[in-house]
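Contents: one structure, followed by commentary.
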2 protein chains.
Amino acid sequence: MSRHAPTPGSEFARIEIIQRLLGEGVASSEQVLLGIGDDAAALAPVDEPLVWTIDSAVEGIHFRRDLMTLEDAGYRATMAAASDLAAMGARPLGLLAALILPREVSDADVEALVRGQRAACDEVGAPLIGGNLARGMELSITTTALGAAASPLRRDGARAGDELAIAGPVGLSAAGLRLLLQQNPAHEEAILAFRRPRARIAAGLTARGVARAAIDVSDGLASDLGHLTRASRIGAEVQASALLTPALQEAAALLDADPLELALQGGEDYALLVAGPGVGALPGFTRIGRCVAGEPGVVLVDAEGRSTKIVERGFDHFAPDPS
Amino acid sequence: MSRHAPTPGSEFARIEIIQRLLGEGVASSEQVLLGIGDDAAALAPVDEPLVWTIDSAVEGIHFRRDLMTLEDAGYRATMAAASDLAAMGARPLGLLAALILPREVSDADVEALVRGQRAACDEVGAPLIGGNLARGMELSITTTALGAAASPLRRDGARAGDELAIAGPVGLSAAGLRLLLQQNPAHEEAILAFRRPRARIAAGLTARGVARAAIDVSDGLASDLGHLTRASRIGAEVQASALLTPALQEAAALLDADPLELALQGGEDYALLVAGPGVGALPGFTRIGRCVAGEPGVVLVDAEGRSTKIVERGFDHFAPDPS
């Protein structure tokens, strides 16, 4: 291309940074026929159904630079998109990202952000093939992820009697966020759950052929399990004791918070929730309850066997700010 | 789902609007196995290589609401992404869109925007399957488009001696923008080229097996043909007379502007530029010049046979504002 070093801050300088950070990952992929530098990416044919998602992370809404680095933000945005593939039991084929960058974002900022995206892609096992750069007032990362699954896992396949199981923590990310807001970084695992959540790709692949329904826990267990019960037209009972992991209890104690409240209402852990016969015995999963006949919704059962209907407080992007 | 009418302005209200506007298009697609309402979309297997792109349209950068409606903005953003498929000679399979919506965007605004997306998708012949909604300070539309092509057309296949041909106008969109900025809506075709550019999907499919290289003209003919010459390591000669269509000359006259300047430097027409033996005779294409041995770059040849080397002024998203 150009024989000159690109002007710092120019579109060309950013494309060079991105090519350098992504190039090797793309080149080593057997799936990618054509990477950055043409009008579009090209992938080898896939003989299974395709699973496809898009997800945006907007500064000030989904992440704050005072609570995480741009490397964390890039990692997290990528994992949030990949988590939708996990929830379909898909193996990832590749990702594209559209960055909207305000003027004050430096080349070093772009490099940090893309390094985070690359780290997430390496963990997910699929290349970030390319994407788009645009200017804007507000920093955002929009990621599209493509995967393949012979029988994509849907939300609507659960039946009464199925076990419910999760892979990954619930509530720990919300605890990490609250600790950071209190400037109390006393619980590394919770803070890592917030800054570096992991898409449960391997768990999704493990659940194939056993799970009858799946969803990723992005808005909170109560809300996302609520979605699954409505799609499947069943009810759900969750055992409180199954949610109370030592890490969550420790982090909740530091916050003087209710660990069950965190587990049920806290989002952005990207745990994988599955329903099916025997899913609680799958490696990497913990049994948390069961599907029951009746009205959709979630009932919590405590150690004494008492049941409480759980109110969902899923995140509405367009709700008025709390006053 | 909910038995109640959704609260106006809520995320659920917007999802209902979007489902209503997109539902029929998705349902009638044989490609789509699973549409809106699960963690990801699912598509039927495709036995050809996949072509995949992502593109953002940001308010204030790519569109202004005083110059076009939100229906135009949705249409245009969708066509800009689909145009990358045209440039690869791909048939579109489907699209996903991520909308970032500021608080002041109403349900009616969302409906207009999505109606424009749907109209573009109908024209392109592929469904908008779903996407993502997020809040932000700045309105943006990020579209990912997936297509299939047995042999994707790249930028790097042109050879000396190949003809150069275009499908669609060049310069007319820039003329339309300038007319609107002068509050002079005197040339409907130019204004339509700006507000409602069309991805040249049919032309891209026509060019398969004949063209050896292709690119869509998004930044301007000089810039995008420049990219093609660098990727293919050839030079290019363009006949000035071939660019001077009656519509462009009329619109330029209204602006007291040079029509060749508009044709070479004006972007966002999304014309399809192809190189190959005999491409000038393809239906829907106009021969504009030829590929020559030598240094990459574009030379303009006038009616008297005089040659001028064209300076590229491609758009750099991160360049300082002109002072």
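No lab work stands behind these numbers, since they all come straight from the coordinates. What you are looking at is a predicted structure, and each value in this text was computed from that prediction instead of being measured. So basically every Cβ, Gly included, is an ideal-geometry build from the backbone, and we count neighbours across all protein chains shown.
Values as computed for the structure displayed
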quantity	calculated
Charge context of A:Ser106, other residues only, Cβ under 13 angstrom, K/R +1, D/E -1	-1
Spin-label model distance (nm) - A:Ala303 vs A:Ser10, 7 Å beyond Cα toward Cβ	6.7
When segment A:163-309 is reduced to its Cα atoms, the Kirkwood hydrodynamic radius in Å	15.2
Net +/- balance of residues flanking B:Phe285 in space, Cβ distance below 15 Å, scoring K and R +1, D and E -1	+2
Theoretical FRET efficiency, 1/(1+(r/R0)^6), r = Cβ-Cβ of B:Ser106 and A:Arg313, R0 25 Å, to 0.05	0.50
Cα-Cα pairs of segment B:11-148 separated by more than 19 Å (percent)	45
Ranked A:Ser173, A:Ser223, criterion: other C-beta atoms within 10 Å, fewest first	A:Ser223, A:Ser173
Within the protein assembly as shown, percent of DSSP bridges classed antiparallel, to nearest 5	80
q = 0.08, 0.09, 0.11 Å⁻¹: log10 I(q)/I(0) that the Debye formula gives for the protein assembly as shown, counting C-alpha atoms only	-0.59, -0.73, -1.05
Residue among A:Gly23, A:Gly60, A:Gly157 with the largest mean-square fluctuation in a Gaussian network model of chain A, springs linking Cα atoms under 10 Å	A:Gly60
Sorted by Cβ density within 10 Å, fewest first, the residues B:Val299, A:Val274	B:Val299, A:Val274
Ranking of B:Val292, B:Val279, A:Val217, B:Val238 by count of other Cβ atoms within 10 Å, fewest first	B:Val292, B:Val238, B:Val279, A:Val217
Whole-number D in µm²/s for chain B (Stokes-Einstein; Kirkwood sum over Cα pairs; 10 °C, 1.306 mPa s)	78
Whole-number percent relative contact order across chain B, with pairs defined as alpha carbons under 8 Å at least 6 apart	20
Among B:Ala263, B:Val279, B:Gln239 - extreme Cα towards positive end, dipole of segment B:184-323, charges at beta-carbon	B:Val279
Local net charge near B:Asp72, Cβ-Cβ under 10 Å (Lys/Arg +1, Asp/Glu -1)	+3
